[in-house]
1. Considering only the range B:12-55, state which residues are among the hydrophobic types (A, V, I, L, M, F, W, C) and away from the ligand (no atom under 15 Å from the Cβ).
2. If the Cβ limit is 7 Å and pairs must be 6+ apart or interchain, which residue in the range A:171-196 that is not assigned by TED's automatic domain parsing to the domain that holds A:S69 and outside any helix (DSSP H, G or I) pairs with which residue that is crowded, with 19+ Cβ neighbours inside 10 Å and among the aliphatic types (A, V, I, L, M)?
3. I want to confirm something. Restricting to the range B:55-78 and keeping residues that are part of a helix (DSSP H, G or I) and of a type in the set (G, A, S), which single residue is most open to solvent (accessible area, probe 1.4 Å)?
4. Across the range A:1-55, what is the total count of residues that are touching a residue at least 40 places away in the same chain (Cβ under 8 Å), open to solvent by 40 Å² or more (accessible area, probe 1.4 Å) and in a loop (DSSP other than H, G, I, E, B)?
5. Tell me, which residue of the range B:34-54 that is more than 7 Å from chain A (Cβ to nearest Cβ) and among the aliphatic types (A, V, I, L, M) is surrounded by the fewest Cβ atoms within 10 Å (Cβ to Cβ)?
6. From the set of residues in the range A:136-163 that are open to solvent by 60 Å² or more (accessible area, probe 1.4 Å) and in a helix (DSSP H, G or I), which is nearest to the other protein chains (Cβ to nearest Cβ)?
7. Inside the range A:74-86, can you point out the residues that are surrounded by fewer than 18 Cβ atoms within 10 Å (Cβ to Cβ) and of a type in the set (S, T, N, Q)?
8. Looking at A:P107, A:P120, A:P133, which is the one that is open to solvent by 80 Å² or more (accessible area, probe 1.4 Å), farther than 22 Å from A:H34 by Cα and either out of contact with any Gly (no Cβ under 6 Å at 6 or more places or on another chain) or more than 8 Å from chain B (Cβ to nearest Cβ) (or both)?
Amino acid sequence: MDDLPVDSVLVRRLCDRDESAFALVLDRWSGGMHRLARSYVSTEESAAEVVQETWLAVIEGIDHFEGRSSLRTWIYRILTNTAKRRGVREHRMIPSDEVQDTGSGEPTVDPRRFQSAGDPFPGHWWEAPAVWPAPESGVLGQEVRELLLAALAELPERQRIVIALRDAEGWPAEEVCELLGITAANQRVLLHRARAFVRGKLEKYYTQEATS
Amino acid sequence: MNELECRQVVEQVTAYLERALTPAEEQAFVDHLADCDGCDRYLDQIRRTAQALEALPADALTAESRAALLETFRTRPS
Ligand SMILES: [Zn+2]
């Protein structure tokens with residue numbers, strides 16, 4: 001993919017009502033925005049409306065954008081706020097202040113899978129994780145896709161944002177830290193917990209599939 | 001020598017993938033993986049989890065909403 005112009009150029013063109021610049025960001029970012037929005041709300045239609053609403057707010061507010069964050073971070077902040085409001089309205093989510101991210105000291109893998117003191121190899125696997133079927137190349141099956149979306153929706157909000165932006169969208173860690181106002185170490189913990197959770201869901205799915 | 005346990009290794013996978021371990025920690029991690037199929041597979045599955053998320057479809061705007069947004073952008077007074 002070609003690089004977008006640097007922010008200063010992009011923002012100036014947007015403020016100058018340069019339609020081609022707007023089309024550029026619209027086409028580049030809407031897909032990822034939809035994907036993140038989808039984890040907040042219950043339907044594709046609803047996610048599409050969140051994206052639409054976000055872009056309208058961007059058009060409305062671009063003249064006041066001060067460049068204290070990157071343009072993309074600013075837009076995603078509007079997106080997550082919009083998606084959250086709608087998720088709450090759809091009773092899909094609890095406002096995030098009420099959701100505690102699970103403690104970072106908690107193990108991310110069920111401790112029962114490891115041997116205890118007194119067993120032959122304390123701290124080691126009783127049984128290695130089961131082998132997963134070979135990856136389907138590129139395209140995800142419908143079931144796996146739904147499972148992933150459901151797993152994302154179950155995550156505490158910050159974990160969901162971190163894993164969606166890092167793994168689904170390929171954002172660099174620094175930009176995610178900026179969006180959420182968190183440290184690199186904190187970002188890593190959130191990503192780690194989120195990946196372990198989603199891996200667990202995939203594991204359950206693949207092992208059930210193998211035995212059914 | 002300070003041997004890592006599997007239950008510690010599984011908590012280090014993201015730090016490893018993010019290159020956030022110290023050189024000594026990274027060495028211990030890699031050494032453990034070389035001897036432990038369970039942890040090697042666990043790391044691989046974490047990678048596959050990230051790849052699966054990357055493969056989630058990202059729906060583009062419909063032609064109508066794209067056109068509507070461009071129209072709004074165009075006609076908005078400066
Ligand atoms: Zn191990």
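1. B:A15, B:L17, B:A20, B:L21, B:A24, B:A50, B:A52, B:L53, B:A55
2. A:W171/A:L165
3. B:A63
4. Summing the residues that are touching a residue at least 40 places away in the same chain (Cβ under 8 Å), open to solvent by 40 Å² or more (accessible area, probe 1.4 Å) and in a loop (DSSP other than H, G, I, E, B) in the range A:1-55 gives 1.
5. Going through the qualifying residues, I end up with B:A34.
6. The residue in question is A:R145.
7. Result: A:N81, single match.
8. The unique qualifying residue is A:P120.
The values are calculated or read from the model by the stated rules, or taken from the named source; none is laboratory data. The structure displayed is predicted, hence computed values, not measured ones. All Cβ positions, even for glycine, are placed from backbone atoms using ideal geometry, and neighbour counts span all protein chains on display. Side chains are part of the model used for accessible areas, which takes the heavy atoms of the whole protein and leaves out ligands, DNA and RNA. Shrake-Rupley method; radii C 1.70, N 1.55, O 1.52, S 1.80 Å.
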